[in-house]
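Just so you know, all these numbers are worked out from the coordinates, no wet-lab data involved. A quick note: this is a predicted structure, and the numbers were derived from the prediction, not measured. Note that we place each Cβ from the backbone using ideal geometry, even for glycine, and neighbour counts take in every protein chain shown.
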Amino acid sequence: MPHIKVSPFDTAKIDTAVGDFIKFRAVGSSSAKEIVLLSDKREFFLDIVKKEGEYLIKPNKITKGSDTELLKDMLNRFANVLGLDILHSNTAPKPFKPKNADEFFKTVEDFYEFKSDFKNIKLEVGFGSGRHLLYRAQEEPETLFIGIEIHSPSINQLLKQINIKGLKNIFVVNYDARLLLEMLPSNILDTIYVHFPVPWDKKPHRRVISDAFVREALRVLKKGGQLELRTDSQNYFEYSLEVFSSLKQSSFKVEKNIDIPVVSKYEARWRRMEKNIYTLTLDSLSESKARELKIDFTLENCNTNTKIPQESIIKEDFFVHFGKKYTRTDNKGFVVECSFGGFNTPEKKMIIVGEKCYYLPGNPVKSLVNYKAHNIIREVLNG
Ligand SMILES: C[S@@+](CC[C@H](N)C(=O)[O-])C[C@H]1O[C@@H](n2cnc3c(N)ncnc32)[C@H](O)[C@@H]1O
């Protein structure tokens, strides 16, 4: 991560440099750490960590984003404007190097208003090595495939393969598939593949298949579309059978040890061990109502004197935890760290409270758990 070490200086001089790209300074309770809001192409905080003999200045982890070159440039500008005495830095710019198949790497936000020219769209949850997804995408160039994974190395591996194979019909998303489904419009998918999900025998709440997941899957599947689950776990098979059977109107088929055109890494392992492999195929029988995501993350009328709760607020399916608070030296309010949302998909933001009140970096992902958490955060900040 880019950073600069400088000789100790009077941080109050930052306040006199507030203007174009330096917005304000805020001080933590111990005053050993201060933060400074910078704004150019995007807004983020710098952390100033005061140590004996030197101050470390680095982009704040929560708000930094991924554009390292922009961060370096802003750090250098900050040090120049203040005339800081630099002891060490790693902020020399590097020439731009294009990354592999980045155009196919999508964020959750790309799916809010998702539209596609592809007639058929298929999605794979937890593609792992990507063997199945790559095979299908090569076989069906007219179909768009969306691969969702929570494991970053698998994402990078797939992006490399997309590049090597010159594929143009795979989108890759690094997110929890259970939440991504919530964000997709209704009736758009032809197939959802869930192959060899982690059985999570000891932590069933982490399973991909659940009543809620299957309900969302049926909503996003077109009429006639299918959810294909393959598992080697007898326990997971029986559990999924129960979930599928409890649907009001359902039609599904169960098969054992069938051959499919491509054998994934996991499947190959289970086959060598002569394990039974179950395939459950659930049909979408009807058209679903259009999805309206009426989720608004606006924070307004925040009270700059509100009391921030010390204790975490824990509800059945989400939580809110306020962390460190920083007082603005312009006397216009404060900044508070906040973690919130689903237990498996927590969001971490800095919340700026002042004339304007907002989340940095940007609003949370539009999931229902985040929205429930946001309503609590709003209540606290309006307090
Ligand atoms: C046992 S592996 C199977 C991989 C692949 N489908 C195969 O058959 O070889 C399960 C994969 O699901 C991913 N995974 C687990 N939970 C997930 C979730 N909620 N959303 C997306 N991916 C998930 C894991 O990171 C892992 O790569």
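For the chain, what does the alpha-carbon gyration tensor say about shape, rounded, prolate or oblate, given a ≥ b ≥ c as the root eigenvalues, a/c under 1.5 as rounded, and a/b over b/c as prolate?
Verdict is prolate for the chain.
Build a GNM of the chain with springs between Cα atoms under 10 Å: which of Glu103, Glu287, Glu52 gets the top mean-square fluctuation?
Glu52
Of the beta bridges DSSP finds with both residues in the range 148-259, what % are antiparallel, to the nearest 5?
0 percent
With the cut-off at 31 Å, tell me which of the pairs Lys223/Lys256; Lys50/Lys72; Lys41/Lys122; Lys223/Lys366; Lys50/Lys160; Lys307/Lys366 have Cα atoms farther apart than that.
Lys41/Lys122; Lys50/Lys160
Dipole of the chain, Cα-centred, from +1 at each Lys and Arg C-beta and -1 at each Asp and Glu C-beta, to the nearest 20 debye?
460 debye
Of the candidates Leu247, Leu282, Leu293, which one comes out as most mobile in a Gaussian network treatment of the chain with C-alpha springs shorter than 10 Å?
Leu247
Do any trypsin sites (Lys or Arg not before Pro) in the range 295-349 lie in a DSSP loop with no more than 15 other beta carbon atoms within 10 Å, and if so, which?
Listed in order of number, the matching sites are Lys307, Lys315, Lys332.
With charges set only on the Cβ (+1 for Lys and Arg, -1 for Asp and Glu), what does the dipole of the range 313-382 come to about its Cα centre, in debye to the nearest 20?
Approximately 140 debye in magnitude.
Could you give each residue of the range 347-352 its phi-based ³J(HN,Hα) in whole Hz, using Karplus coefficients 6.51, -1.76, 1.60 with θ = phi - 60°, and x for Gly or Pro?
Result, ordered by residue: 10, 10, 9, 9, 10, 8 Hz.
Under a straight-distance cross-link criterion of Cα-Cα below 19 Å, which aspartates and glutamates are reachable from Lys13, leaving out those fewer than 8 residues away in the same chain?
Glu34, Asp47, Glu54, Asp85, Asp330
Hey, in the chain, which Cys have no second cysteine's beta-carbon closer than 4.7 Å?
Cys338
Along the positive direction of the dipole of the chain (beta-carbon charges: Lys, Arg +1; Asp, Glu -1; about the Cα centre), which of Ser339, Ser264, Met183 reaches farthest?
After comparing all options, I get Ser264.
With viscosity set to 0.692 mPa s at 37 °C, what whole-number translational diffusion coefficient in µm²/s follows for the range 4-89 from Stokes-Einstein and a Kirkwood radius over Cα pairs?
255 µm²/s
Give me Ser339, Ser66, Ser367 sorted ascending by neighbouring Cβ count inside 10 Å, so fewest comes first.
Exposure proxy ranking, most exposed first: Ser66, Ser339, Ser367.
Among Phe340, Phe118, Phe24, which one shows the highest mean-square fluctuation when the chain is modelled as a Gaussian network with alpha-carbon springs under 10 Å?
Phe118
Looking at the range 110-181, which GluC sites (Glu not before Pro) are DSSP coil and have at most 11 other C-beta atoms within 10 Å of their C-beta?
Here the sparse-neighbourhood loop sites are Glu113, Glu142.
Are there GluC sites (Glu not before Pro) in the range 226-278 that DSSP marks as loop and that have at most 12 other Cβ atoms within 10 Å, and which are they?
Here the GluC sites (Glu not before Pro) that fit, given the DSSP loop and packing criteria, are Glu274.
How large is the charge dipole for the range 197-246, taken about the Cα centre, if only the Cβ atoms of Lys, Arg (+1) and Asp, Glu (-1) carry charge, to the nearest 20 debye?
Approximately 260 debye in magnitude.
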